[in-house]
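Colleague: Shown below is the structure under consideration.
What follows draws every value from the coordinates through simple rules; no lab data is involved. Worth saying up front: this structure is predicted, and the values here are computed from it rather than measured. Cβ: placed from backbone, ideal geometry, glycine included. Neighbour counts: every protein chain shown.
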Amino acid sequence: MKLNMNNKLISQMRAATRSLMGKQMGKQPPVDTNKVIQDALKSASAMTQAAQQQMRNMPQANGGTPAGMPPEVADMLAELSRKFGGAGVGGVAAANEPAIALPGTFSEGSYTNSAGTRSYKLYVPSSYKGEQVPLVVMLHGCTQDPDDFAHGTKMNALAEEMNCLVVYPAQSRQANASRCWNWFSDVDQKRDQGEPSIIAGITREIMGKHSIDPAQVYVAGLSAGGAMATIMGTLYPELYAAVGVHSGLPYASAHDLPSALAAMKGQLQRQNKPGQSIPIIVFHGDADHTVHPTNGDELMVHARDASDAMAVEPGRVPDGHAFTRTMHKRADGKVQGEHWVIHGAGHAWSGGSARGTYTDGKGPDASREMMRFFSTHR
């Protein structure tokens, strides 16, 4: 039986979870379907690894189906593997791309509040002498960590060039086994609760320890991190002046695991629709099979509503991707929203380095364009 990533799959996921969590099959513990999906919710490679590992770890019954696993659940995991197994995680640029030695400091820190503890890494450029500078908060995607994300986005090199600080909060494996930010959880979509409270706390901690211009604090992220960046900009508009989202999802696009999978496939059913427009720049590949490009369109809704004019500019990176850049401008001429659709690109940071995962060196340079956009918003 073949299942597609549609409403039928979602309903079977719910039924399978209720069935499996409610009984034991002899001495074999029930399959924790929720855990399988959560572990790999938004990472293509993690989706495959979790499904395959779950099946490998269970005794095999007749026909190769793990003992105690209903056939429809085995089919579901196999379909997930087929759906996401072909997505690459490396960069398009040369794999032996040399490391760039940067003169600044890249140090570790940790922040704790009532919602939990998260570590982070902070890059301070060599040009920083204590004057007020901008701060960029970078939220990694599933299976990534601060070092990986810093390498892939090359944001530390831009920090040296532009004299700003960059902080990379790290999701913990205790909070999510695949290190995905829990953007689909109700508690993690509320101000001063869950992961938003921790990320805001890290932001304020850096602002307290260093000389940061409070009018130039920004947040950006990839995939699950992009979804969380949208949450942060929506919940804390007084803290973040603008938001950058790469291959992410809009705020309140999901409330649990099944609705998260539906949102990732472009079936958006938001619980509520915040009315405030935040300055936002969005990048999304139109060949992204992990997070549907419809999400990029949805992220621009409020920017369109708050704008008075729209400009569309096609372009192409030399020897790289073609793209369409759409700008939504306010009456004063300032761009409230910028949407880059990268033609032929998948689920990867545009213009990134192959030293990090989920990168596409064919451009355009998302990091540099985000920093340009951020510099126009205070």
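Colleague: Grab the alpha carbons of region 123-183, take their convex hull, and tell me the volume per residue in Å³.
Modeller: 85
Colleague: Evaluate E = 1/(1 + (r/R0)^6) for Arg330 and Ser114, where r is the Cβ-Cβ distance and R0 equals 51 Å; express this FRET efficiency to the nearest 0.05.
Modeller: Working from the Cβ atoms, E equals 0.85.
Colleague: Could you tell me what percent of the DSSP beta bridges with both partners in region 105-375 are antiparallel, to the nearest 5?
Modeller: Percent antiparallel among DSSP bridges in region 105-375 is about 55.
Colleague: State, to one decimal in nm, how far the label point of Ala287 lies from the label point of Ser107, with both points 7 Å from Cα in the Cβ direction.
Modeller: Distance between label points: 4.4 nm.
Colleague: Among Thr230, Thr117, which comes first, then next, by fewest other beta-carbon atoms within 10 Å?
Modeller: Ordered by Cβ neighbours within 10 Å, fewest first: Thr117, Thr230.
Colleague: Now for a separate question. Fewest first, what order do Arg191, Arg179 take by the number of other Cβ atoms within 10 Å?
Modeller: With the sparsest Cβ surroundings first, the list reads Arg191, Arg179.
Colleague: List the pair-distance distribution P(r) of region 105-375, using every Cα-Cα distance, as the percent of pairs falling in each 10 Å bin from 0 up to the bin containing the longest distance, rounded to whole percents.
Modeller: 7, 33, 39, 19, 2
Colleague: I would also like to ask the following. What translational diffusion coefficient, to the nearest whole µm²/s, does region 181-316 have by Stokes-Einstein, given a Kirkwood radius computed over alpha-carbon pairs, a temperature of 25 °C and 0.890 mPa s viscosity?
Modeller: 160
Colleague: Could I ask something else about it? Only counting other Cβ atoms within 10 Å, I'd like Ser197, Ser247 sorted with the fewest neighbours first.
Modeller: Least crowded to most crowded, the residues run Ser197, Ser247.
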